[in-house]
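Participant: Handing you this structure, nothing more for now.
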Amino acid sequence: MTTSRAEAEIQQFVASTPKSKSLQDEAAQYLPGGSSRGTAYFAPYPTFVDHAKGHYVYDVDGNRYLDFMINATTHIMGHAHPEIVEVLQEQAERGNSFSGPTEAQVRLAKNLCERVPSLETVRFTNSGTEGTMMAIRGARAFTGKHKIAKFEGGYHGSHEYVSVSVRPAAEDLGPDATIPVPEHPGQPPSITEDVITLPYNDLATSERIIREHGDELACVIMEVVSSSFGYLEGDEDFLRGMRAVTEELGIVLIFDEVQSFRVSPGGAQEMFGVIPDMTTFGKIIGGGMPVGAWGGRRDIMALFDPSEGAPLAHAGTFNANPMTMVAGEVVMNHLTPDVYERMNALGETLRAKLRAVFDELEVPAQVTGVASLFGIHFTDKEIVDYRSALSSDGDMTKALFTGLLNEGILIQTGGAGALNTLTTDEEVDALVDGYKAGGARGVR
Ligand SMILES: Cc1ncc(COP(=O)(O)O)c(C=O)c1O
């Protein structure tokens, strides 16, 4: 949908992307909407990528974009990093997937278990979606209970049980976050009985609802740093309270660290000092190849152990394929504490500079984010949960996104983004300047 604020920016974008436009027209004949991924689409059409290298993405029209989208935070070492390219080439020559396990899988599993506080054992999948699905399956089997709780606005992938109250429209919202809203037409009505929804950062209400359903609740799945609210961190008391109440009632606490794992060597759980029973992963741990994982307490994970009779099935033709494992290993070896320290300090600088830009432009905006992650919301409300994030002005966000594209800068369509290990003050300043120019045109 085009908006009046974004109209001029969209016209400029269309003028500079004719090949993308014709590819989109062709693509739409064979793929609904022209692609295989809802989030890859933006109006009037996405730029078709030709290639990417380092901090930059190049589209088929020859435009170059300084990339802060980095495939939804995945490319933490930038695009086509020579070390990753090298191990992928080597692995491709040795075979790219087998029925049997490889040594690379053991090394990556060991690396993750050694750095993530909650991780005693882990299993790999091909997406974060599968990771959260399997973690929930494990929690249900372990507790013998079937309901799950999630937070309003929380995204945990695209399987059925987490597709409740993900992005409910303002007009569909109930009086409070504890009324679950099905995400898609045709979902079984039982979904709103089996999935309990909670308000993020509201410990009193969340705890009350969890206690009400305690006997039937297998797990609470949540993010410590909420990607859907512009990488907003959970309040410390709220996080500790969630840990305490789930522990007391025998409910498995699952931290979805598909995105937040990038904030420190041991993820957000280490940064905030709250340790869940299970953790899910994706994005950075596969070095840019398809990946997901879940893991945690040995006694829960043992339910997936075939040598123990495995009451729980977990198959997958490409699980832990060696291409993903070797690429992931390069990333995890590269991410030493000093690398995080430098990248996270730049994130701090960026957020401070963005706040100054919006003050200067006299635009009501909130800048959220943790470590190397940032989010922008056009509202004067403090962002604490889904409802406050929803108050952000969508037209301004669209204008900003398109304005930045026209300045040669790529962020997420919702206004958020991530740094990578190649980012320096120069790229931070280029992003800030982009906001001053393209951003200002659209949002003033
Ligand atoms: C927090 C979170 N959980 C789960 C997922 C699902 O991961 P995937 O897209 O790999 O299925 C995502 C994806 O963006 C995510 O951000």
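Participant: Which of Gln89, Gln366, Gln412 moves most in a GNM of the chain, Cα contacts under 10 Å?
Facilitator: Gln89
Participant: So who's got an amide H within less than 5 Å of the one on Gly292, skipping anything under 5 residues away but keeping other chains? H placed 1.01 Å off N, in plane.
Facilitator: Those qualifying (amide H under 5 Å, at least 5 residues apart or on another chain) are Thr125, Asn126, Ser127.
Participant: Mind grabbing the accessible area of Tyr58 for me, 1.4 Å probe, Å², rounded to tens?
Facilitator: Number for this one is 60 Å².
Participant: Please give the length that would be gained between Ala28 and Asp305 if that part of the chain were fully extended, namely 0.36 nm times their separation in residues minus their C-alpha to C-alpha distance (nm, one decimal).
Facilitator: Details: separation 277, 0.36 × 277 = 99.72 nm, distance 4.36 nm.
Taking 0.36 nm per residue and subtracting the Cα distance, the gain is 95.4 nm.
Participant: Let me ask something else. What number do you get for segment 155-299 when its Cα radius of gyration is normalised by 2.2 N^0.38 Å, N = residues? It would help to have the intermediate numbers written out before the result.
Facilitator: Details: Rg = 15.2 Å, N = 145, 2.2 N^0.38 = 14.6 Å.
After normalising by residue count via 2.2 N^0.38 Å, the value is 1.04.
Participant: Now a separate question. How much solvent-accessible surface does Arg355 expose, in Å² to the nearest 10, with a 1.4 Å probe and all protein chains in place?
Facilitator: Counting only protein heavy atoms, the figure is 110 Å².
Participant: To continue, here is another question. I'd like the FRET efficiency for Glu86 and Thr39, computed as 1/(1 + (r/R0)^6) with the beta carbon distance as r and R0 of 25 Å, rounded to 0.05.
Facilitator: 0.25
Participant: Between beta-carbons, use under 12 Å as the cut-off and find the net charge around Asp395, counting Lys and Arg +1, Asp and Glu -1.
Facilitator: Computed value for this residue: -1.
Participant: Something else about it: Could you work out the local net charge near Val330, counting Lys and Arg as +1, Asp and Glu as -1, over the other residues with Cβ closer than 14 Å to its Cβ?
Facilitator: Combined, the nearby Lys, Arg, Asp and Glu give -3.
Participant: When the chain is fully extended, how far beyond the present Cα-Cα distance does Val60 get from Lys21, taking 0.36 nm per residue of separation?
Facilitator: Computed gain between Val60 and Lys21 is 13.0 nm.
Participant: What percent does the relative contact order of segment 82-334 come to when contacts are Cα pairs within less than 8 Å and at least six residues apart?
Facilitator: About 29 percent, as a whole number.
Participant: Does segment 55-187 come out rounded, prolate or oblate by the C-alpha gyration tensor, with a ≥ b ≥ c the root eigenvalues, rounded set by a/c under 1.5 and, if not, prolate when a/b is larger than b/c and oblate if not? Spell out each step's value before the answer.
Facilitator: Values: a/c = 2.52, a/b = 1.33, b/c = 1.89.
Judged from the Cα gyration tensor, segment 55-187 comes out oblate (a/c at least 1.5, b/c at or above a/b).
Participant: Here is a further query. Compute the distance in nm between two label points, each set 7 Å from the Cα along the Cα-to-Cβ direction, one at Asn333 and one at Ala315.
Facilitator: For the pair Asn333/Ala315, the computed spacing is 3.4 nm.
Participant: May I ask you to evaluate 6.51 cos²θ - 1.76 cosθ + 1.60, the Karplus curve with θ = phi - 60°, for each residue of segment 171-184 and list the ³J(HN,Hα) values in order in whole Hz, giving x for glycine and proline?
Facilitator: 6, 8, 5, x, x, 8, 5, 8, 9, x, 10, x, 8, 10
Participant: Let me ask something else. What whole number of Å gives the distance from the Cα centroid of segment 395-428 to the Cα centroid of segment 1-71?
Facilitator: Spelled out, the Cα-based centre of one part sits 14 Å from the other.
Participant: Cα atoms only: what Rg and Dmax, in Å, come out for segment 1-130?
Facilitator: Computed over the Cα atoms of segment 1-130, radius of gyration and Dmax are 19.4, 56 Å.
Participant: Collect residues whose amide H, placed 1.01 Å from N in the peptide plane, falls under 5 Å from the amide H of Leu198; neighbours closer than 5 in sequence don't count.
Facilitator: Sorted by chain and number, the residues that satisfy this are Lys150, Phe151, Glu152.
Participant: Rounded to the nearest 5, what is the percent of antiparallel bridges among the DSSP beta bridges in the chain?
Facilitator: Among the beta bridges of the chain, antiparallel pairing accounts for roughly 60 percent.
Participant: Helix-derived [θ] at 222 nm for the chain: sum -39500 (n - 2.57) over DSSP H runs of at least 4, divide by residue count, nearest 500?
Facilitator: The helix-only estimate for the chain comes to -12000 deg cm²/dmol at 222 nm.
Participant: What is the percent carbon and sulfur in the accessible area of the chain, measuring with a 1.4 Å probe over the protein chains and ignoring ligands?
Facilitator: Of the solvent-accessible surface of the chain, carbon and sulfur hold 51 percent.
Participant: Determine the shape class of the chain: with a ≥ b ≥ c the square roots of the Cα gyration tensor eigenvalues, call it rounded for a/c under 1.5, and otherwise prolate if a/b is greater than b/c, oblate otherwise.
Facilitator: oblate
Participant: Top mean-square fluctuation among Ile285, Ile191, Ile254, Gaussian network model of the chain, C-alpha springs under 10 Å?
Facilitator: Maximum among the listed residues: Ile191.
Participant: Can you work out the PRE-style zone for Asp172? Point 7 Å along Cα to Cβ, and I want the residues of segment 145-163 with backbone N under 15 Å.
Facilitator: 152-156, 158-163, by backbone N distance to the label point.
Participant: Here's another thing I want to ask about it. Pick out which of Pro337, Pro175, Pro188 has the largest mean-square fluctuation in a Gaussian network model of the chain, springs linking Cα atoms closer than 10 Å.
Facilitator: Pro175
Participant: Sort out the exposed loop GluC sites (Glu not before Pro) in the chain (DSSP loop, at most 16 other Cβ within 10 Å) and tell me the longest stretch that has none.
Facilitator: Longest site-free region, per DSSP loop and neighbour criteria: 217-361.
Participant: With a 1.4 Å probe and all protein chains in place, put Phe229, Phe272 in order of accessible area, largest first. Provide the component values of the computation, followed by the final result.
Facilitator: Numbers: Phe229 0, Phe272 40 Å².
The residues order as Phe272, Phe229, largest area first.
Participant: If you don't mind, another one. Please go through the residue pairs Lys19/Lys283; Lys283/Lys436; Lys53/Lys283 and name each one whose alpha carbons sit more than 23 Å apart in this structure. The partial results should precede the final answer.
Facilitator: Working: Lys19/Lys283 29 Å; Lys283/Lys436 30 Å; Lys53/Lys283 18 Å.
From the list (Lys19/Lys283; Lys283/Lys436; Lys53/Lys283), the Cα-Cα distance tops 23 Å for Lys19/Lys283; Lys283/Lys436.
Participant: Now a separate question. Looking at segment 362-440, what % of the alpha carbon pairs are farther apart than 20 Å?
Facilitator: 30
Participant: According to the square roots a ≥ b ≥ c of the eigenvalues of the Cα gyration tensor, what is the shape class of segment 82-334, taking rounded for a/c under 1.5, prolate for a/b larger than b/c otherwise, and oblate for the remainder?
Facilitator: In terms of gyration-tensor shape, prolate.
Participant: Keeping all protein chains in place, calculate the accessible area per residue for the chain (probe 1.4 angstrom), answer in Å².
Facilitator: Ligands and nucleic acids excluded, the result is 42 Å² per residue.
Participant: Okay, moving on. Could you rank Arg115, Arg297, Arg240 by how accessible they are, 1.4 Å probe, largest area first?
Facilitator: The ranking, largest first, comes out as Arg240, Arg297, Arg115.
Participant: Count the net charge of all other residues whose Cβ sits under 13 Å from the Cβ of Thr379, scoring Lys and Arg as +1 and Asp and Glu as -1.
Facilitator: Net charge around Thr379: -3.
The values are calculated or read from the model by the stated rules, or taken from the named source; none is laboratory data. Everything numeric here is computed off the predicted structure, so don't read it as measured data. Backbone-built Cβ (ideal geometry, glycine too); neighbour counts: all protein chains shown. Accessible surface is based on the protein model in full, side chains and every heavy atom, while ligands, DNA and RNA are left aside. Shrake-Rupley method; radii C 1.70, N 1.55, O 1.52, S 1.80 Å.
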